[in-house]
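The values are calculated or read from the model by the stated rules, or taken from the named source; none is laboratory data. None of these values were measured; they are calculated from a predicted model. Note that each Cβ is placed from the backbone with ideal geometry, even for glycine, and that neighbours are counted across all protein chains shown.
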Amino acid sequence: MKHSYKIIYYLLSVVFLMLLFSSCKHHEGEYHNVNDKIEAEGKHYQGVSVSSEAYIGDIKTIEVTEGEHTFLIPERKTQIKSYACTECHSKPLDKMQNKEGKKAHWDIALHHANDNAMNCVTCHNGSNMDDLKSITGNVIDFNKSYQLCSQCHNKQFEDWKGGAHGKRIGGWAPPRASMTCVNCHNPHKPHFDSRWPARYNTQKVKERE
Amino acid sequence: MSSSKKKWFSLNLSNKSQNTTSCGCGKSSGGCGSHSPTPNETDQPKDGFDQVFDVKMSRRTAFKQLAASLAIGAGAVSTSCSVIAGDESKEKAQIDWEEQFKGNYKLMSDEEKQATVDRLVRSYQLRTGKTLNMSAKNAEKDVLFGYAFNISKCQGYMDCVSACVEENNQDRNSQMQYIRIHEMKDGKGFNFNEADDNYYHEVPAEGHFYMGTQCFHCDNPPCVEVCPVQATWREDDGLVVVDYDWCVGCRYCMAACPYDGRRFNWSKPEVPEEEVNKNQHYLGNRMRKKGVMEKCTFCVQRSRAGKNPACVEACPTGARIFGNLLDPNSTIRWVLENKKVFRLKEDLGTEPKFWYFMD
């Protein structure tokens with residue numbers, strides 16, 4: 001009698017263990033969570049066959065390397081209407097500030113920080129208009145104007161380098177091409193305007209009445 | 001033990017000999033259902049006609065199948081056998097017939113997928129005289145799509161919603177939208193009860209923040225689990241998709257989704273011919289019919305080609321980030337590893353591949 005109880009206990013424990021280690025599910029539950037899945041399946045990442053190159057299109061790009069990130073940004077100089085600036089700015093600034101001659105940039109008003117912090121020559125180089133300048137007076141190329149912005153906006157700069165701030169050009173697939181600061185923000189008025197939403201769902205209003 | 005007929009069921013655990021009469025039901029040959037299938041039976045998934053015809057069915061289901069098919073069949077046969085019907089209507093009838101009896105897209109071979117896509121393109125051409133570009137591109141190796149949404153960047157402009165509707169050929173009459181943008185009060189957290197997802201005033205409104213929801217393409221999707229006909233499933237690149245031709249419209253998935261990610265076609269979806277996006281995918285933005293489910297597919301027709309979904313491309317604030325989770329150098333991976341990210345209703349274990357973060 002005792003012996004048969006032992007067998008039953010033995011059998012029950014075997015059944016219990018089998019239930020414990022076998023799942024009724026199919027193989028969907030291979031990973032405990034999606035992070036485990038990303039880690040496991042990304043370990044032997046071999047690259048993908050699709051590419052963003054075709055979607056970047058006619059946009060001329062330059063490659064930049066900042067920290068451990070290397071990516072493309074749109075080239076800027078050819079997009080500025082009257083570059084090179086020295087074509088007009090042949091004389092020093094104070095000599096050009098008179099009532100005669102053509103007016104230029106009269107429509108630009110600076111809405112960026114306050115008067116104490118910034119004016120035109122915080123970024124523009126009065127002695128060489130073809131380049132920008134850092135706070136300490138070093139030359140910054142118009143193509144790499146992000147170096148200027150990142151002097152103050154260093155948090156945004158970190159996010160932009162990693163890809164958390166700003167937009168991609170083309171698609172998700174490599175190579176990475178990202179818009180640079182001035183492609184979205186007007187440097188003279190960087191804040192986005194408020195506006196009306198793109199659409200209003202009138203059907204939803206009816207349904208909820 | 002099992003040779004003598006018993007009226008109860010007993011597990012025959014201790015006796016593992018290759019007894020031909022080891023089945024609990026006492027029979028030595030098939031029929032009780034507890035015999036494991038022989039390997040050659042499971043070798044290949046059935047497809048096409050086999051899925052429909054090569055199954056054991058009761059008289060009742062057989063009649064049901066027949067009745068359903070008879071309507072289309074009779075029409076098709078009468079047209080294709082008719083001497084007065086033109087070649088085009090015969091071809092149309094042939095396509096309708098083959099479409100009616102095609103299998104589940106999930107189980108199709110690549111040739112069969114291409115064949116059904118070709119039929120749909122031809123059918124559209126016959127009906128409207130216009131040509132489509134429809135793809136049957138499969139998931140690529142080493143790709144798992146993920147999405148990140150920056151709630152401190154979104155300004156509620158709803159450009160994403162517009163782009164989505166245009167890209168995905170959603171019904172214009174019912175104004176179906178995959179994306180919802182919720183306007184929420186600052187300091188109240190994610191309070192969906194008090195949020196407004198259909199505002200119309202200048203945005204961003206003072207004292208509010210905006211967050212978008214859509215299908216989160218869960219890695220453990222509850223909608224897939226409840227589908228009685230397996231018309232929805234998770235692809236290898238993580239996209240949760242619907243075979244609109246296999247969906248029976250029971251809306252179980254809609255009820256199962258904890259994120260309100262699924263939409264139903266209560267009426268025949270209509271898109272003005274000149275607004276139809278002709279760049280389509282079988283699992284994506286091809287034209288749907290009345291009575292089937294649909295939802296965001298991360299624009300499968302775009303994403304599998306390497307592009308960003310339409311919402312990501314349309315967003316003027318850069319609040320939407322899309323990419324390959326398996327690529328260690330992708331921007332989405334950087335966001336997940338360096339920003340403080342969270343997901344909606346994480347405790348449900350649905351494992352959405354859609355993360356929120358702040359600056």
Expected single match for more than 11 Å from chain A (Cβ to nearest Cβ) and either of a type outside the set (Phe, Trp, Tyr) or under 27 Å from residue B:247 (Cβ atoms) (or both) among B:130, B:141, B:137, B:153 is B:130
In this structure, does residue B:172 turn out to be surrounded by fewer than 20 Cβ atoms within 10 Å (Cβ to Cβ), basic (Lys, Arg) and away from chain A (no Cβ under 14 Å)?
no
Checked the stretch A:120-140 for anything free of Cβ contacts under 8 Å to residues at least 12 places away in the same chain, assigned to a loop (DSSP other than H, G, I, E, B) and surrounded by 13 or more Cβ atoms within 10 Å (Cβ to Cβ); matches are A:131
Restricted to the stretch B:334-357 and to residues being assigned to a helix (DSSP H, G or I) and without any contact (Cβ under 8 Å) to a residue 60 or more places away in the chain, the residue farthest from the other protein chains (Cβ to nearest Cβ) is B:347
All-but-one check, residue A:146 against (1) crowded, with 17+ Cβ neighbours inside 10 Å; (2) of a type in the set (Phe, Trp, Tyr); (3) within 11 Å of chain B (Cβ to nearest Cβ), failing number (3)
Of those in the stretch B:209-220 that are more than 9 Å from every other protein chain (Cβ to nearest Cβ) and under 15 Å from residue B:259 (Cα atoms), the residue surrounded by the fewest Cβ atoms within 10 Å (Cβ to Cβ) is B:213
Only one of (1) of a type in the set (A, V, I, L, M, F, W, C); (2) within 27 Å of residue A:207 (Cα to Cα); (3) more than 10 Å from every other protein chain (Cβ to nearest Cβ); (4) crowded, with 19+ Cβ neighbours inside 10 Å does not apply to residue B:160, and that is (3)
Restricting the stretch B:84-123 to residues that are among the aromatic types (Phe, Trp, Tyr) and at pLDDT below 95, the one farthest from residue B:246 (Cα to Cα) turns out to be B:97
The one condition residue B:139 fails out of (1) modelled with pLDDT of 95 or more; (2) surrounded by fewer than 16 Cβ atoms within 10 Å (Cβ to Cβ); (3) part of a loop (DSSP other than H, G, I, E, B) is (2)
Checked against (1) within 29 Å of residue B:271 (Cα to Cα); (2) free of Cβ contacts under 8 Å to residues at least 12 places away in the same chain, residue B:193 satisfies every condition except (1)
- Query: Do we find a residue being loosely packed, with under 12 Cβ neighbours inside 10 Å, out of contact with any Phe, Trp or Tyr (no Cβ under 8 Å at 6 or more places or on another chain), more than 14 Å from chain B (Cβ to nearest Cβ) and farther than 22 Å from residue A:140 by Cβ anywhere in the stretch A:69-86?
  - Reply: no
Residue A:91 being surrounded by 12 or more Cβ atoms within 10 Å (Cβ to Cβ), within 20 Å of residue A:127 (Cβ to Cβ), of a type in the set (Lys, Arg) and more than 14 Å from chain B (Cβ to nearest Cβ)
no
query: If we scan the stretch B:198-208, do we find a residue that is without any contact (Cβ under 8 Å) to a residue 12 or more places away in the chain, over 22 Å from residue B:148 (Cα atoms), more than 8 Å from chain A (Cβ to nearest Cβ) and not polar (S, T, N, Q)?
result: yes
Here the residues within the stretch A:187-209 that are surrounded by 13 or more Cβ atoms within 10 Å (Cβ to Cβ) and more than 7 Å from chain B (Cβ to nearest Cβ) are A:187, A:188, A:189, A:190
Within the stretch B:304-314, residues facing another protein chain (nearest Cβ under 7 Å) and either of a type in the set (Ser, Thr, Tyr) or surrounded by fewer than 24 Cβ atoms within 10 Å (Cβ to Cβ) (or both) come out as B:305, B:306, B:307
Return yes when residue B:178 is of a type in the set (Phe, Trp, Tyr), facing chain A (nearest Cβ under 8 Å) and under 20 Å from residue B:309 (Cβ atoms) and no when it is not. no
inquiry  = Going by what's in this entry, would residue A:66 be described as within 14 Å of chain B (Cβ to nearest Cβ), at pLDDT 90 or above and farther than 27 Å from residue A:132 by Cα?
reply    = no
Scanning the stretch A:164-175 for residues that are more than 7 Å from chain B (Cβ to nearest Cβ) and closer than 19 Å to residue B:149 by Cα, the one modelled with the lowest pLDDT turns out to be A:170
Those residues of the stretch A:46-62 which are part of a loop (DSSP other than H, G, I, E, B), crowded, with 16+ Cβ neighbours inside 10 Å, facing another protein chain (nearest Cβ under 8 Å) and not small (Gly, Ala, Ser) amount to A:48, A:50
